[in-house]
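Here the structure is laid out as structure tokens; the discussion comes afterwards.
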Amino acid sequence: SIFKIPNIKICFSNKEKNITSRDDLEIFCDDTGLDSQKLITVNQIHSSNVILANSPGNYDGFDGIVNFGGRLVCVIKVADCLPIYFVNSVSKTIGLLHAGWRGLSLGIIRKYLKKINEEVDGHLNTFALIGPSIQNCCFRVKEDVIHHFDSKFYSKINNKYFQVNLQKLALSQILDSKIKVEN
């Protein structure tokens with residue numbers, strides 16, 4: 001496990017797996033040692049909505065999942081957006097966020113951490129991982145979008161485009177929450 005916490009597993013798939021249906025997802029889970037009967041999936045909408053899910057199922061209108069105790073299998077889909085994983089080593093609370101520029105600018109990380117902070121004693125034992133996602137070299141936006149970001153997270157390319165570093169923005173928001181940098 002990436003977090004080196006017993007019974008917590010993070011898995012990534014890619015286009016080669018060709019997961020296009022619920023059946024494909026269940027096969028992927030079974031192949032990686034995850035219980036496909038405990039799946040939590042969300043119909044993502046590029047929001048900052050986070051669901052507290054205590055039972056398997058598919059939930060509409062969310063981009064984040066919290067599961068206290070980590071007994072369920074949380075799943076999101078990403079292409080360019082950031083998958084952000086959280087786990088608390090004591091409570092085993094797990095979280096998974098689909099964080100694109102909209103979700104990050106709307107505060108999805110802050111909303112997730114507020115939800116778990118109500119149940120878990122602070123973020124002392126919380127670990128975070130930002131998964132594979134678009135890098136600032138390739139993420140370009142125009143002036144209609146750049147006003148959503150603090151200038152320390154972007155640079156101007158030319159008169160029309162800006163490059164945005166979403167990983168740096170996400171990391172800044174995670175560290176602002178008092179999660180230790182080594183976590």
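Scanning segment 145-183 for residues that are open to solvent by less than 60 Å² (accessible area, probe 1.4 Å), closer than 12 Å to LEU104 by Cα and in a loop (DSSP other than H, G, I, E, B) yields PHE149, ASN165.
Listed by first and then second residue, the pairs with beta-carbon distance under 7 Å, at least 6 apart or on different chains, first residue in segment 18-42 and of a type in the set (S, T, N, Q), second in a strand (DSSP E or B) and surrounded by fewer than 17 Cβ atoms within 10 Å (Cβ to Cβ), are THR41/ASN58.
The combined condition, being open to solvent by less than 50 Å² (accessible area, probe 1.4 Å), closer than 23 Å to ILE5 by Cβ, out of contact with any Asp or Glu (no Cβ under 6 Å at 6 or more places or on another chain) and not in a helix (DSSP H, G or I), is fulfilled by ILE84. Checking the structure you have, find out if any residue of segment 101-120 is surrounded by fewer than 19 Cβ atoms within 10 Å (Cβ to Cβ) and either in a strand (DSSP E or B) or among the acidic types (Asp, Glu) (or both). Yes, because at least one residue in segment 101-120 is surrounded by fewer than 19 Cβ atoms within 10 Å (Cβ to Cβ) and either in a strand (DSSP E or B) or among the acidic types (Asp, Glu) (or both). Selection of first residues in segment 126-138 that are closer than 19 Å to PHE153 by Cβ and of second residues that are aliphatic (A, V, I, L, M) and surrounded by 18 or more Cβ atoms within 10 Å (Cβ to Cβ), restricted to Cβ pairs under 6 Å at least 6 apart or on distinct chains, gives the following pairs, ordered by first then second residue: ALA128/ILE174; ALA128/ILE179; ILE130/LEU82; ILE130/ILE84; ILE130/ALA170; SER133/LEU82. Screening ARG71 on (1) over 17 Å from LYS9 (Cβ atoms); (2) open to solvent by 60 Å² or more (accessible area, probe 1.4 Å) shows it passes everything except condition (1). Considering segment 44-56, and only residues there that are modelled with pLDDT of 95 or more and over 15 Å from the mean Cα position of the chain (by Cα), the residue that is surrounded by the most Cβ atoms within 10 Å (Cβ to Cβ) turns out to be PRO56.
Apart from one condition, ILE27 fits all of (1) assigned to a helix (DSSP H, G or I); (2) aliphatic (A, V, I, L, M); (3) open to solvent by 10 Å² or more (accessible area, probe 1.4 Å); (4) within 17 Å of LEU169 (Cα to Cα); the exception is (4).
The values are calculated or read from the model by the stated rules, or taken from the named source; none is laboratory data. All values reported here derive from a predicted model rather than from experimental measurement. All Cβ positions, glycine included, derive from the backbone under ideal geometry; neighbour counts span all protein chains shown. Calculation scope for accessible area: heavy atoms of the full protein, side chains included, ligands and nucleic acids excluded. Shrake-Rupley method; radii C 1.70, N 1.55, O 1.52, S 1.80 Å.
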